[in-house]
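Written below as structure tokens is the structure these notes are about.
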Amino acid sequence: MNLSEIRNTRHRPLLGDDKNALVFLIIVNAIFFVSLTFIKIIYFISYDSNNTAALFFQKQIIDWLALPADTDVFFPRAWTLLTYMFTTHSIWGIISTVFWIWAFGYILQDLAGNKNIIPIYLYGGFFGGIAFILSMNLIPALYQNMAFTPALMGGGAAVMAIAIATTTLAPDYRIFPLINGGIPIWVLTLVFVAIDYATIATQNGGNAIAHLTGGVVGFLYIQQLKRGRDWGAWMHRLVSWVDDLFNPEKKHTPSGTKEKLFYQSTVKPYNKTPNVTQQRLDDILDKINQQGYHMLTDEEKEFLKKASKDL
């Protein structure tokens, strides 16, 4: 059994695993879409005119969830900076969002660990939303068209953050392998970036700037992660704290694996020769799943190499 086979035995969380952040993110987007679609149908069967139904649905529901460009409207509805990235009632909008979250998120989950997907999504959406508001109010050409620009909706900026983060980690990762050996993922990402860049000079320029900002955030997140700085750590601590409030009897296990060192007089100090045990192997694979392979210590990487030879 080689090293890659050992990592794949427990690296990816199962589809139904309650710890699968990728599936959770897709479910949240789907719940928002289904809920808004249900409410939209109620509006359309409650009014004689479709135009009237659409107007009231927009004013009474969507305007309270989408991100407005006008700061006078935004500040009383600051929560829209979070809700907008999950808000869409377009069938093609939800299909596109879910597809690209899965396509890039599946790779990112394998490369950087399960726990980084949601922080990257939220950071990309948050700063993308800030960039949208700032650009619409500070760029004269966009400011003049603010009254005709719809509020920002959908996970475009957040998905772009995941796409750029994935590409930063593995630019040569290939998709569609049956097409001449596969297409490098950086090519697909470059197409998305080029489309958004070309859209800046249009009425939807604020949306494009939001997407590109999300991409920059994804790049910076991975660069900091490579340096050992986890921007998502506070989110996980917050979730654990909230979980403890509702489950006081539940004890969270530490993310790191506590090592027990045993020394013998016949070997040199600090020269460990670990025995390959299934429990130790499972602990390391869990760490890869949660934090990514790059977070392993030299001793743990050496253990995996030894396991690949002995198993």
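FYI, it's all coordinate maths here, none of it is from the lab. Remember, predicted model here, so these are calculated numbers, not experimental data. Cβ placement follows ideal geometry from the backbone for every residue including glycine, while neighbour counts extend to all protein chains displayed.
Observations on the model:
- Förster radius 25 Å - calculated FRET efficiency between residue 297 and residue 235 (Cβ-Cβ, nearest 0.05): 0.55
- Relative contact order of the range 29-159: 33 percent, from C-alpha pairs under 8 Å at least 6 residues apart in sequence.
- Peptide ranges 31-43, 85-97, 111-123 listed from the most packed, as the mean C-beta count within 10 angstrom indicates: 111-123, 85-97, 31-43
- Relative contact order of the range 15-235: 22 percent, from C-alpha pairs under 8 Å at least 6 residues apart in sequence.
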